[in-house]
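To start, the structure under review is shown below, and the notes come after it.
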There are 2 protein chains.
Amino acid sequence: MASHSEAGMALRGDRGRHGRLNRGRMLASALELVDSEGLSALSMRRLGSELGVEAMTLYRYAASKDALLDGLVEAVYLELEENLAEGSDSEKSPAAGREWRGELHRIALTTYRVCLTHPQVVPLLATRMMAVPLARRPLAVLRDHERVLALLRQAGFDEAGATTAFRAFTAWVLGYVSVELRAMVDNPDEPDPAFRLGLHRMPSQELPRLRETTATLAERGGAEGLTAGLDALLDRFVGTEGQGIHQLLDSPGEDA
Amino acid sequence: MASHSEAGMALRGDRGRHGRLNRGRMLASALELVDSEGLSALSMRRLGSELGVEAMTLYRYAASKDALLDGLVEAVYLELEENLAEGSDSEKSPAAGREWRGELHRIALTTYRVCLTHPQVVPLLATRMMAVPLARRPLAVLRDHERVLALLRQAGFDEAGATTAFRAFTAWVLGYVSVELRAMVDNPDEPDPAFRLGLHRMPSQELPRLRETTATLAERGGAEGLTAGLDALLDRFVGTEGQGIHQLLDSPGEDA
DNA sequence: GAGTGTATATTTACATCGTAAATGAGTCAC
DNA sequence: GTGACTCATTTACGATGTAAATATACACTC
């Protein structure tokens, strides 16, 4: 009745909501669900019904729920890659050695933006990376690591220096995003700022500094805060760890 | 039979494993369970049986499972406070304005140490902070914030500067710990390093830098990496954001 | 056509989960 | 004893992840 033709089809009418299922559609739908209703809303049955399919069907495209979560992480990194591709100058690194810092900024900022688009997924970036060893991570994640490492080597860092800088980069971006996403407002509908922040719940004697700073703390650090800290870290490690002389040459000069 | 006395007691013998239950014992037991078997092993029934009590009993000491998780976070911060108390010079800040940086180092390092002691809880530090607004966080958490903020003000930061530095401090420590805890080894029992790291799983063409750096990356950044990055951030914000003149005076001079 | 193989989806079943509600049992003051 | 209060248990319900068996669909050859 409701379907468009074919008398002999399954009773249910059109199979699924939009043709055949595949991993990409599943992950997209999962991400959408998590974005709008949170991680706890993501169950196999629920996601299945979202896709017009039984829960067990999903096991063809993800071996377990944990694998599905890994898929979510992958989806986020794929979105990161898309965004990076859009914004990149199409010609392939004209001054090969010089734009590394700008590129790192761009990666950090894009990561920041993508993470704020999918705040509910961010905890997974910590959790799943703890659970799945580097070599087993989704390819999109590994490509991201590769990109950052390559830029650092381009900047003149040797292996040890690049490792230190890589850790700093990753830690800073992840930590910054996590802190940015912390809940600061107690009651969003309350007009009075103090009540909105829930100041009345904090013992005033014991927490004077925190109380007076809460309002400022509730604002976002924003993209500027992210790059400022990133530069602080990069500047410290450039020249401090062993690395080549590239970065001494490449600030005013032309090409490589 | 097995119990030590009192004929008329409950059939089960001694009530619970060690006398009356309370919130502290519950949280301690939960932390122990999570440390040894991971977050997924923590269920109300399992924790109850660990304490010799029915699952529902736990709801007297935590309103919900989420509240129990918040309790875990609290427990970690309480442990942090204990460790900070042990290591502190007993006299109350003799040179009030000068030791702020050392104190921040000490807090960062102690946090680092405590987090590595309870790696499975670390994801909660991100997750629960997203879920519960600042004003509703456990007191031990708020006291930690207060401590850091007070030190920053002591260092001469004004409110805006302290906020920036606070975010940087928190983000760096959390991010650093998270990255430190990422799984790097694929197969710990494998004698050959390359196989142990799982290098054979990574497409060699596409990920040359990552492949050559994996071994170094698998090592820990350690405490030095933590303080190095922290100093980089602090140095950048001191003098860059508006703050008093304290920090200009307090590096070589004597007391306040 | 009938038959076979492979990819896809469903059905059924089970142990486990968080927790609402009602009930029991212990201790204390009167 | 009698009530009040604290602490623990019992029972029950819906939801979850997933193993196993089964069903359906489409692409082939014969």
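Details
- Qualifying residue in the range B:96-106 (condition: away from every other protein chain (no Cβ under 14 Å), modelled with pLDDT of 95 or more and within 16 Å of DNA strand D (Cβ to nearest atom)): no
- Counting the residues of the range B:48-87 that are in contact (Cβ under 8 Å) with a residue 60 or more places away in the chain and within 16 Å of DNA strand D (Cβ to nearest atom) gives 2.
- Boolean, A:LEU58 is modelled with pLDDT of 95 or more, within 18 Å of A:ARG128 (Cα to Cα) and either more than 25 Å from the chain's Cα centre (by Cα) or not assigned by TED's automatic domain parsing to the domain that holds A:LEU174 (or both): no
- Test for B:GLU146: is it away from DNA strand C (no atom under 16 Å from the Cβ), out of contact with any strand residue (DSSP E or B) (no Cβ under 6 Å at 6 or more places or on another chain), part of a helix (DSSP H, G or I) and within 22 Å of A:THR216 (Cα to Cα): yes
- Annotation: of all residues in the range A:160-189 being surrounded by 19 or more Cβ atoms within 10 Å (Cβ to Cβ), over 18 Å from the mean Cα position of the chain (by Cα) and part of a helix (DSSP H, G or I), the one that is nearest to the other protein chains (Cβ to nearest Cβ) is A:THR163.
- Residues that are surrounded by 22 or more Cβ atoms within 10 Å (Cβ to Cβ), in contact (Cβ under 8 Å) with a residue 24 or more places away in the chain and within 7 Å of chain A (Cβ to nearest Cβ) are absent from the range B:192-201.
- Residue satisfying condition, being within 16 Å of DNA strand C (Cβ to nearest atom), under 21 Å from B:THR127 (Cα atoms), among the aliphatic types (A, V, I, L, M) and away from chain A (no Cβ under 14 Å), within set B:ALA55, B:ALA75, B:ALA67: B:ALA67
- Qualifying residue in the range A:129-145 (condition: more than 7 Å from every other protein chain (Cβ to nearest Cβ) and in contact with a Cys (Cβ under 7 Å, 6 or more places away or on another chain)): no
- Test: residue in the range A:11-23 that is in a helix (DSSP H, G or I), at pLDDT 95 or above and not hydroxyl-bearing (Ser, Thr, Tyr): yes
- Within the range B:75-95, tally of residues that are in a helix (DSSP H, G or I) and either at pLDDT below 95 or of a type outside the set (Ser, Thr, Tyr) (or both): 12
The values are calculated or read from the model by the stated rules, or taken from the named source; none is laboratory data. Given the structure is predicted, the values throughout are model-derived calculations rather than measurements. All Cβ positions, glycine included, derive from the backbone under ideal geometry; neighbour counts span all protein chains shown.
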